[in-house]
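The values are calculated or read from the model by the stated rules, or taken from the named source; none is laboratory data. Note that the structure is a prediction, hence the values are computed from the model and not measured. Using ideal geometry, Cβ is built from the backbone for each residue, glycine included, and neighbour counts are taken over all protein chains shown. Note: accessible area is taken over every heavy atom of the protein model, side chains too, but ligands, DNA and RNA are not part of it. Shrake-Rupley method; radii C 1.70, N 1.55, O 1.52, S 1.80 Å.
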Amino acid sequence: MEVASAPRSTAAESAALRGFDTLEDETRIDSLPVEGEIPGWLTGSLIRTGPAKFEEGENQMRHWFDGFAMLHRFAFSDGGVSYANRFLGGKAYEAAKEKGEITYSEFATDPCRSLFKRAFTMFMPKLTDNCNVNLVKLGDRFVAMTETPLPVQFDPDTLEAAGVAWKVPGELTTAHPHLDRATGGAVNYAAKLGPRNKYRFFIVPKEGEAEQFASMPVDQPAYMHSFGQTERWIVLAEFPFVINPLKLATSGRPYIENYRWKPERGTRFTLIDRKTGERRGPFETDACFGFHHVNSYEDADGRVVADICTFTDAGIVEDLYLDRLRAGKPVAKPQLHRFTIDAAAGTVDRELLVEEGFDLPRINYGRCHERPYRYAWGAGTDPARESGFFDRIVAADVEQRTTKHWAEPGCFPGEPVFVAAPDAVGENEGVLLSVVLDANAGTSFLLVLDAADLSERGRASVPHHIPFGFHGQYAQV
Ligand SMILES: [Fe+2]
């Protein structure tokens, strides 16, 4: 696999390695020190999940995506901010603690060394429930998710795990479900592996179990971390990073190392009608790779617009191994691309929207999901650099193709979560909430920015570092 070459990392990037250090302590702090002014209308909580423990006994996790999940909650009230964090727990975490070693397979870490153990797990697979990727509030349920079919419900007050939330109709799924506006349910897909592989599309209602509404056959399932959704369509982008399920059980390799980069397959877009299950495509374009769809919608001519953060190839998966990150090796640059799928003409156009590195995207989801939109926010990198870890928050105007950014020396922000102001008229009226590592201080803070101009409204300081995480949600708790 080709890995993008780039200038060596900066001293600041080396200092940021703290973001990949384990955080063991679980705390509750009633009132964090605040600088500036946190808007009084923020009355909910930002709850985030992410990896926080990267070893057990003598065993080391190998990849950023492997670490044991920790929940972090910032709760807002009258301009004040409280903080709590706790390991999510679950089977994988508890078994490791009990045995003093990693016992479940993670994304890129496989504890099964012996042939005997390998044969044993083929018949009794131990899927991890280490939900360190994302979470959702569905009805009254708070649920943390990863890419195995074991979404874990948790108590938003105690942050304690409360068992598997629902059954997923397959072996692999995403931690990025979409809202079904009609019912308030969560739409997702799962890959059902076997002699005949399928992608299955399902909706989890606000209460109850998953219901399948469409499926399609697939020969070699692609690694898909997310998908797009318009009012009519599910938008699948199959990047040519694919798995042969028949080899999976006997490969002896951790999950992600079973995928192969096959650029000759190109990137394949398929549209699935959410009501009828009817399919259009696949429509092919050049090979690329990505984790995150930003937003999708149908334009006035019936074409499907899908904005996605993409990489040249799947080398980013290798870039995110912990030994490489801790050694300050280059990290490939994600770029915000617009794909326009014309099903009638059978074409896919591709356009670069902004120059900055851009990923961990958020939009004004309640207002713009499935619809034409103007603003996206993400963690980003300097446009002049070809690689590097996130060192800024970027606001992208995808209509005007312009950007604004927030950055501070030695600071490394995570996903900026948009929260609309209660009386908002404009799409970008509200704030962004981002957990930032101050590498020089060795501690993290919650940053509150004005979403329109990225000016700082305030920050709340945490007395320890928070390992780099992935996703979170703002909700009333
Ligand atoms: Fe993600």
For this session: Scan the strands (runs of 3 or more DSSP E) fully inside the stretch 279-325 and keep the ones with 2 or more residues being closer than 20 Å to Arg268 by Cβ and aromatic (Phe, Trp, Tyr).
Result: 289-298
Exercise. Of the residues that make up the stretch 353-363, is at least one assigned to a loop (DSSP other than H, G, I, E, B), in contact with a helix residue (DSSP H, G or I) (Cβ under 7 Å, 6 or more places away or on another chain) and more than 16 Å from the ligand (Cβ to nearest atom)?
Worked result: no
Exercise. Which condition breaks for Gly139 when tested against (1) within 16 Å of the ligand (Cβ to nearest atom); (2) surrounded by fewer than 17 Cβ atoms within 10 Å (Cβ to Cβ)?
Worked result: (1)
Exercise. Is it fair to say Phe213 is touching a Phe, Trp or Tyr at 6+ places or on another chain (Cβ under 8 Å), at pLDDT 95 or above and more than 19 Å from Arg141 (Cβ to Cβ)?
Worked result: yes
For this session: Restrict the check to the stretch 314-337 and report whether at least one residue is modelled with pLDDT of 95 or more, within 24 Å of Gln229 (Cβ to Cβ) and more than 16 Å from the ligand (Cβ to nearest atom).
Result: yes
Exercise. Restricting to the stretch 158-191, what's the tally of residues that are away from the ligand (no atom under 14 Å from the Cβ) and under 16 Å from Met70 (Cβ atoms)?
Worked result: 4
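Kindly indicate which of Val462, Val425, Val477 is aliphatic (A, V, I, L, M), over 23 Å from Arg374 (Cβ atoms) and open to solvent by 10 Å² or more (accessible area, probe 1.4 Å).
Going through Val462, Val425, Val477 in turn, the sole match is Val477.
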Problem set entry | Odd one out for Arg260, checked against (1) open to solvent by 10 Å² or more (accessible area, probe 1.4 Å); (2) outside any strand (DSSP E or B) | (2)
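A quick yes/no check of all residues on (1) open to solvent by less than 40 Å² (accessible area, probe 1.4 Å); (2) more than 22 Å from Asp359 (Cα to Cα):
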| residue | (1), (2) |
| --- | --- |
| Trp166 | yes, yes |
| Leu193 | yes, yes |
| Asp219 | no, yes |
| Leu236 | yes, no |
For this session: Just give me the residues in the stretch 147-164 being buried (at least 21 other Cβ atoms within 10 Å of the Cβ) and hydrophobic (A, V, I, L, M, F, W, C), in sequence order.
Result: Leu150, Val152, Phe154, Leu159, Ala161
Exercise. How many residues, within the stretch 434-458, are open to solvent by less than 30 Å² (accessible area, probe 1.4 Å) and either farther than 16 Å from Pro361 by Cα or more than 16 Å from the ligand (Cβ to nearest atom) (or both)?
Worked result: 13
